[in-house]
Amino acid sequence: MQRLTHLHESPSQTAGPYVHIGCVPNFAGITDVYEADLGAAMVTDNTKGERITVTGTVFDGTGTPLRDAMMELWQADAQGLYPGRDGADPTFTGWGRTAGDAETGQWSMETVRPGPVPFTDGRMMAPHISIWLVARGINIGLQTRMYFPGDPMLGDDPWLTRIEHQNRVPTLIAQETTPGTFKFDIHLQGPDETIFFDV
Amino acid sequence: MSDGPLFHRNRDRHPKALTPDYKTSVVRSPQKALLSMPTTLSEEAGPVFGHDIIGAHDNDLIVNYAAAGEMAIGQRIIVHGRVLDENGRGVPNALIEVWQANAGGRYRHAKEGYIAPLDPNFGGCGRTITDDQGGYSFRTIKPGAYPWPNGVNDWRPAHIHFSVFGHSFGQRLITQMYFEGDPLIPLCPIVRTITDAEAVSQLVAPLDMNNTVPMDARAYHFDIVLRGRRSTMFENRIEGN
Ligand SMILES: [Fe+2]
């Protein structure tokens, strides 16, 4: 029999407590190496779409905020186009990186409300922000999605409707705390454990 | 831009979320099963980084934090290799970010408590973008081993942290590189979160005497593999990979 020649993905290791040194050094006080931390800004003054702030806190199984987590956000522009694609807003990076506050653990990011993007079969998915979360004690980055409350597309969303335990879907939906500010807390464990995806 | 489903992640070769010997994982590991989903454009697309973001010394940790004319203290090494996908193809324009302790095992970080001293000429971060073959290299000093609060006498083997972007957000990976021959590797609770010995060996960089620069720096070779992409013609989206 012939052998398959595929390689194997390198195994993950935790980002550890010092991930900030490598990924957001200016935030960590190492200000002399890179001009700015990558992903600190997703928008410019010229970016099209509805300006929003996304914020949240990550909680461990004891209810304690993680103060050493790092999150990455990835989303389409206001038209539903991912950056780099034809026609996408060139002033929008689509990708943001933020660390939790060293005291409170709260993170936040300025962005625009994304447009809908297609599922594998061409049906449209409700607007969402993909989130990748790493921290000390997390052995492999956790993938989840943030959706918008009250979005009329939520009910038919081809991704959300695949979820067996529909009573967990609210863990993926942000709260609009003030107009234009969306709070998306993540619970690593417990009755409100956020849905994480193997995708 | 290339789309197409990513290979499903083989989680047998990755650490499980709950690994009680690495104590912090106990309250930070999801307890419910991950929900398996097909990759969509949200996972298959990814941020694009241009070579123009990289400064002249970003890939040289010996000088990128040092005062003018100074250099970091330690064993001088070059770390080089390729970023590949599971199909064996080089991944061009992949952003690699690294961070590490100094030669004494001390990080430049507010939460670091080890008594080993800081090196005033070492910051501990570097970055580079792969060339059109997926190749990369950077220069640094060999980090020291360090103790950490887990068991009463747990020491991390010398290691360099790597954060890697391919072309898809779903390929996002953070891992660590270890050094050939380090006796601390098999003792480390973080290494041991990976239960497959062959997978562990994929994180251990061999000494590469062919690329060692005489009288200057030894070389270690470290390839990184990211998730592959299905390449059969029978997808609903036919496009090059
Ligand atoms: Fe480390």
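Filtering the stretch A:168-199 to residues that are of a type in the set (D, E, K, R) and within 23 Å of B:ALA17 (Cβ to Cβ) leaves A:ARG168, A:ASP185, A:ASP192, A:GLU193, A:ASP198. Of all the listed residues (B:MET37, B:MET1), the sole one being of a type in the set (A, V, I, L, M, F, W, C), touching a Phe, Trp or Tyr at 6+ places or on another chain (Cβ under 9 Å) and at pLDDT below 95 is B:MET1. Restricting B:GLY69, B:GLY88 to those that are surrounded by fewer than 20 Cβ atoms within 10 Å (Cβ to Cβ), closer than 20 Å to B:PRO206 by Cβ, of a type outside the set (Val, Ile, Thr) and without any contact (Cβ under 8 Å) to a residue 24 or more places away in the chain reduces the list to B:GLY88. The residue that is farthest from B:ASP12 (Cα to Cα), among those in the stretch A:139-193 that are of a type in the set (Phe, Trp, Tyr) and more than 8 Å from chain B (Cβ to nearest Cβ), is A:PHE182.
When residues in the stretch A:1-22 are screened for being surrounded by 24 or more Cβ atoms within 10 Å (Cβ to Cβ) and touching a strand residue (DSSP E or B) at 6+ places or on another chain (Cβ under 6 Å), 9 of them pass.
Collect the residues in the stretch A:75-104 that are small (Gly, Ala, Ser) and outside any loop (DSSP other than H, G, I, E, B), keeping them in residue-number order. Matches in the stretch A:75-104: A:GLY96, A:ALA99. Restricting attention to the stretch A:36-88, the residues that are on the phi > 0 side of the Ramachandran plot and free of Cβ contacts under 8 Å to residues at least 12 places away in the same chain add up to 2.
When only residues in the stretch B:83-93 that are part of a loop (DSSP other than H, G, I, E, B) and touching a helix residue (DSSP H, G or I) at 6+ places or on another chain (Cβ under 9 Å) count, which is nearest to the ligand (Cβ to nearest atom)? Step by step, filter the stretch B:83-93, then rank; the result is B:VAL91. Here B:GLU180, B:GLU198 are screened, and the one residue that is out of contact with any helix residue (DSSP H, G or I) (no Cβ under 6 Å at 6 or more places or on another chain), more than 16 Å from the ligand (Cβ to nearest atom) and within 20 Å of A:ASN139 (Cβ to Cβ) is B:GLU198. Does B:LEU61 satisfy the condition of being within 26 Å of A:GLU72 (Cα to Cα) and within 16 Å of the ligand (Cβ to nearest atom)? Criteria met by B:LEU61.
Taking the criterion of being part of a strand (DSSP E or B) and more than 16 Å from the ligand (Cβ to nearest atom), the residues of the stretch B:101-146 that qualify are B:ARG127, B:THR128, B:ILE129, B:GLY135, B:TYR136, B:SER137, B:PHE138, B:ARG139. Output yes when any residue across the stretch B:160-176 is free of Cβ contacts under 8 Å to residues at least 40 places away in the same chain, within 12 Å of the ligand (Cβ to nearest atom) and outside any loop (DSSP other than H, G, I, E, B), and no when none is. The answer is yes, given that some residue of the stretch B:160-176 is free of Cβ contacts under 8 Å to residues at least 40 places away in the same chain, within 12 Å of the ligand (Cβ to nearest atom) and outside any loop (DSSP other than H, G, I, E, B). Looking across the stretch A:178-192, the residues that are touching a residue at least 24 places away in the same chain (Cβ under 8 Å) and either in contact with a helix residue (DSSP H, G or I) (Cβ under 7 Å, 6 or more places away or on another chain) or part of a strand (DSSP E or B) (or both) come down to A:THR181, A:PHE182, A:LYS183, A:ILE186, A:HIS187, A:LEU188, A:GLN189. Considering the conditions (1) among the β-branched types (Val, Ile, Thr); (2) farther than 30 Å from A:PRO11 by Cβ; (3) buried (at least 21 other Cβ atoms within 10 Å of the Cβ), A:THR104 is excluded by exactly one of them, (3). Considering A:GLY22, A:GLY16, the condition of being of a type outside the set (Val, Ile, Thr), within 16 Å of the ligand (Cβ to nearest atom) and in contact (Cβ under 8 Å) with a residue 12 or more places away in the chain is satisfied by A:GLY16 alone. The set of residues from the stretch A:27-41 being facing chain B (nearest Cβ under 10 Å) and away from the ligand (no atom under 16 Å from the Cβ) comprises A:GLY29, A:THR31, A:ASP32, A:VAL33, A:TYR34, A:GLU35, A:ALA36, A:LEU38, A:GLY39.
The values are calculated or read from the model by the stated rules, or taken from the named source; none is laboratory data. Since the structure is predicted, the reported quantities are computational estimates derived from the model, not experimental observations. Every residue, glycine among them, receives a Cβ derived from its backbone with ideal geometry; neighbour counts consider all protein chains shown.
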